[in-house]
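Have a look at the structure below, then the notes.
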Amino acid sequence: MSRGARQFDAVDLIRSKRDGEELTTPQIDWLVEAYTRGFVGDEQMAAMAMAIFLNGMTRREVKDLTMAMIASGETMDFGDLGKPTSDKHSTGGVGDKITLPLMPLVASFGVAVPQLSGRGLGHTGGTLDKLESIPGWRANLTPSEMIAQLRDVGGVICAAGSGLAPADGKLYALRDITGTVESIPLIASSIMSKKIAEGTGALVLDVKFGSGAFLKDIRQSRQLAETMVALGQDAGVATSALLTNMNVPLGLTIGNANEVRESVEVLAGGGPADVIELTVALAREMLTLAGQPDADVEAALADGRAMDTWRAAIRAQGGDPDAALPIATETHTVYADRDGILVHQDALPFGIAAWRLGAGRARKQDPVQHAAGVDLHAKPGDAIQAGQPLFTLSTDEPGRFERALESVDGAWRIGDPAEPVQTGGPLIAERIA
Ligand code: URA
């Protein structure tokens, strides 16, 4: 080991963190390097993750952990592209397909968008799973293919190679099975190590709160956003964050192919109001950080510029933007039993329903059904008439309907016109920069 294999003892460091002490920079550097190389075992790192989960970390420790994870692997450099780069990261939600219209929208202004994405796990969907419902589209690009696409098309959404922050890959898998995911220092260092290693010049974070989000409480989401913004800025990346409401599903679709369909509607100048609002707000943020605060984002959606970039990006990755998207063999629609107003539609149960229908995976290696998911026919605040369709479940395996229906039981309600609509506040709650 370059920094001294026996410089520290893992047990001493675990004891220090267990007892609420601060780890030094050399200790954190050593720990991450030794863990990446296998000199510190999974059981020791699991104990350390739990000690961090319980006792937290100072800002300085979080920064050191992030930098050590970046140093565990390769970094990318877009300096030779000759244009600014701007990226977005979402902490994940239900119906969150925003990356799909956002990438081509921002790229249509000449700002390169290197969007390294992942697959879904649990009730939050993965961008790559959604795009793989487009016939022929491939997620895996070599670094030179990625650079060529950024130069020629302006934007790319592809799989993050395992070479970026490998320490995080190992640690995240361990946290997943040891109950140590929901820790702000661990989440912030995990996300930011990958984003800083990716080499983007600007980064906008969409940090969700509410039922369908990873962290439910806005105070925790705010703390996560502030930590990540500080990490990005310290590393020289122009970084800002929007805190956004995930109490209600985003848009009218939850799944894979149906979310691609809705994204294409937005690129064609239509689509649901909340998807448009968030896409436009994040695009403005990304363009402002990249030096274009006055870009007319709405015009690029209305006049088809963003759609042209989408079609070019899909083609560049082997996909056919005109191909029919898969449709499920089985559907089950739920109808309204009374007149009134839709006053409640809870994101998390609908996300779980889509997952149980086959749109998501329980284990990393599981396949997903591209046509499975939920299509909503009404949003909170809509007037409803008895007998009208409220939502449709789709899957290729009808045996999945029962468990999906169980998850949405009690997750929506039609009330009287005088009742308040429960959305948990505006879609975009705060900006942090
Ligand atoms: N996403 C990540 O990449 N890391 C986390 O720790 C949580 C979400």
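The values are calculated or read from the model by the stated rules, or taken from the named source; none is laboratory data. All values derive from a computational prediction rather than experimental measurement. When we count neighbours, we look across all protein chains shown, and the Cβ atoms used for this are built from the backbone with ideal geometry, even at glycine. SASA here: full protein model, heavy atoms, side chains in, ligands and nucleic acids out. Shrake-Rupley method; radii C 1.70, N 1.55, O 1.52, S 1.80 Å.
Let me know the charge dipole size of the chain about its Cα centre in debye, to the nearest 20, where only the beta-carbon of Lys, Arg (+1) and Asp, Glu (-1) is charged.
The calculation lands at about 780 debye.
On the accessible surface of the range 330-415, probed at 1.4 Å, how many percent belong to carbon and sulfur atoms?
For the range 330-415, the apolar C and S fraction of the accessible surface comes to 48 percent.
Applying the Karplus parametrisation 6.51 cos²θ - 1.76 cosθ + 1.60 with θ = phi - 60° to the phi angles of the range 7-18, what ³J(HN,Hα) value in whole Hz is obtained for each residue in order, glycine and proline being reported as x?
My calculation for the range 7-18 gives 5, 9, 10, 4, 5, 4, 5, 4, 4, 4, 5, 4 Hz in order.
Starting from the amide H of VAL156, placed 1.01 Å from N in the peptide plane, find each other amide H under 5 Å away whose residue is 5 or more places distant or on another chain.
Under 5 Å from the amide H of VAL156 lie the amide H atoms of VAL113, GLN115, each far enough along the sequence or on another chain.
Under 5 Å between amide hydrogens, which residues at least 5 positions from VAL248 or on another chain qualify, with H placed 1.01 Å from N in the peptide plane?
ALA347
For the range 79-323, just say rounded, prolate or oblate: build the C-alpha gyration tensor, square-root its eigenvalues into a ≥ b ≥ c, call rounded for a/c under 1.5, and beyond that prolate if a/b exceeds b/c, oblate if not.
rounded
How much mean residue ellipticity at 222 nm does the chain get from its helices, if each DSSP H run of length 4 or more adds -39500 (n - 2.57) and you divide by all residues, to the nearest 500 deg cm²/dmol?
Taken over the chain, the calculation gives -12500 deg cm²/dmol.
Taking square-rooted eigenvalues a ≥ b ≥ c of the alpha carbon gyration tensor, is the range 20-72 rounded, prolate or oblate, where a/c under 1.5 means rounded and, failing that, a/b exceeding b/c means prolate?
Oblate, since a/c reaches 1.5 and b/c is not below a/b.
Considering only protein heavy atoms and a probe of 1.4 Å, how much of the accessible area of the range 142-225 is carbon and sulfur, as a whole percent?
58 percent
For THR331 and ASP12, compute 0.36 nm times the residue count separating them, minus their Cα-Cα distance, and round to one decimal in nm.
Roughly 109.1 nm would be gained on extension.
Mind listing the long-range amide H neighbours of ILE384? Cut-off is under 5 Å, sequence gap 5 or more, other chains count too, H placed in the peptide plane at 1.01 Å from N.
Answer set, sorted by chain and number: GLY340, ILE341, LEU342.
Quick one: 3J(HN,Hα) in Hz for the range 304-312, Karplus 6.51/-1.76/1.60 with θ = phi - 60°, rounded, Gly and Pro as x.
x, 4, 5, 5, 4, 5, 4, 4, 5
Whole number in Å², please: accessible area per residue of the range 280-352, 1.4 Å probe, ligands, DNA and RNA not counted.
Heavy-atom SASA per residue in the range 280-352 reads 45 Å².
From the square roots a ≥ b ≥ c of the eigenvalues of the alpha-carbon gyration tensor of the range 1-108, which class results: rounded (a/c under 1.5), prolate (a/b over b/c), or oblate?
Here the range 1-108 falls in the prolate category.
Working out 0.36 nm times the residue gap between GLU277 and GLN422, then minus their Cα-Cα distance, what length gain in nm do you get to one decimal?
Result for the pair: 50.3 nm of gain on full extension.
Alpha carbon centre of the range 32-68 versus the range 323-357: separation in Å?
Here the answer is 41 Å between Cα centres.
Using the Cα centre of the range 234-290 as the reference point, and only Cβ charges (+1 on K/R, -1 on D/E), how large is the resulting charge dipole? Debye, rounded to the nearest 20.
Result for the range 234-290 is approximately 60 debye, rounded to the nearest 20.
For the range 10-56, what is the accessible area per residue in Å², given a 1.4 Å probe and the full set of protein chains?
47 Å²
Calculate one ³J(HN,Hα) per residue across the range 273-279 by plugging θ = phi - 60° into the Karplus curve 6.51 cos²θ - 1.76 cosθ + 1.60, and present them in order as whole Hz with x for glycine and proline.
Per-residue couplings from phi come out as 4, 5, 5, 5, 4, 6, 4 Hz.
Out of all Cα-Cα pairs in the chain, roughly what percent, to the nearest whole number, are more than 31 Å apart?
Cα-Cα pairs of the chain separated by over 31 Å account for 41 percent.
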